[in-house]
Amino acid sequence: MKMPEKINTELFAPCGVNCISCEKYNNPCSGCLISDSGKSKSTLKCKIKSCFDNKKFKYCGRCSEFPCKLIKKHDKNFKKRHGISTLESAARIKYMGINKMMSGDREKWICPKCEGIITYQKKTCSECKS
């Protein structure tokens, strides 16, 4: 899949993960804010997802309780597994705004060789595998 010219802001998960950089995006997951279709059981049981569903907000970084225990635990686990701080990513929304932030993420996750998407799990391009 090629990187779109502009990333849909609904592809920024509440916890701070940019869904377009996930290897499961559109295979079969479409993102936390878009649909529950294709999500794994563990993703459907996500406490952060339940929290934002109950509070009716889109992004943890905009919550008055941010950073809470849930996001801190998620951040610790995500850093350990993928080397990415979801806490820092979720906080960027406060300071940058969603559109500017998604433009920066586009540059971060685009393959310089073929404009495919570099996934955070494998750190390789979805298209050319480099």
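The values are calculated or read from the model by the stated rules, or taken from the named source; none is laboratory data. Model, not experiment: these values are computed from the prediction. Note that we place each Cβ from the backbone using ideal geometry, even for glycine, and neighbour counts take in every protein chain shown. Just so you know, the surface numbers come from the protein's heavy atoms only, side chains and all, with ligands and any DNA or RNA stripped out. Shrake-Rupley method; radii C 1.70, N 1.55, O 1.52, S 1.80 Å.
Numerical summary
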item: Members of segment 1-22 that are assigned to a loop (DSSP other than H, G, I, E, B) and open to solvent by 70 Å² or more (accessible area, probe 1.4 Å); result: Met1, Glu5, Lys6, Asn8
item: Complete set of residues in segment 59-79 that are under 17 Å from Cys22 (Cβ atoms) and among the charged types (D, E, K, R); result: Asp75, Lys79
item: Count - residues of segment 74-85 that are open to solvent by less than 70 Å² (accessible area, probe 1.4 Å) and farther than 17 Å from Lys49 by Cα; result: 4
item: Criterion: touching a residue at least 40 places away in the same chain (Cβ under 8 Å) and closer than 24 Å to Ser126 by Cβ - qualifying residue of Leu33, Leu11; result: Leu11
item: Verdict on Ile34 being open to solvent by 50 Å² or more (accessible area, probe 1.4 Å), closer than 25 Å to Glu5 by Cα and outside any helix (DSSP H, G or I); result: yes
item: Glu88 vs. criteria open to solvent by 80 Å² or more (accessible area, probe 1.4 Å), at pLDDT 90 or above and in a helix (DSSP H, G or I); result: yes
item: Top-ranked residue of segment 93-122 - restricted to ones that are out of contact with any helix residue (DSSP H, G or I) (no Cβ under 9 Å at 6 or more places or on another chain) and in a loop (DSSP other than H, G, I, E, B), ranked as surrounded by the most Cβ atoms within 10 Å (Cβ to Cβ); result: Cys111
item: Selection from segment 40-73 of residues that are of a type in the set (Lys, Arg), loosely packed, with under 14 Cβ neighbours inside 10 Å and assigned to a loop (DSSP other than H, G, I, E, B); result: Lys45, Lys56
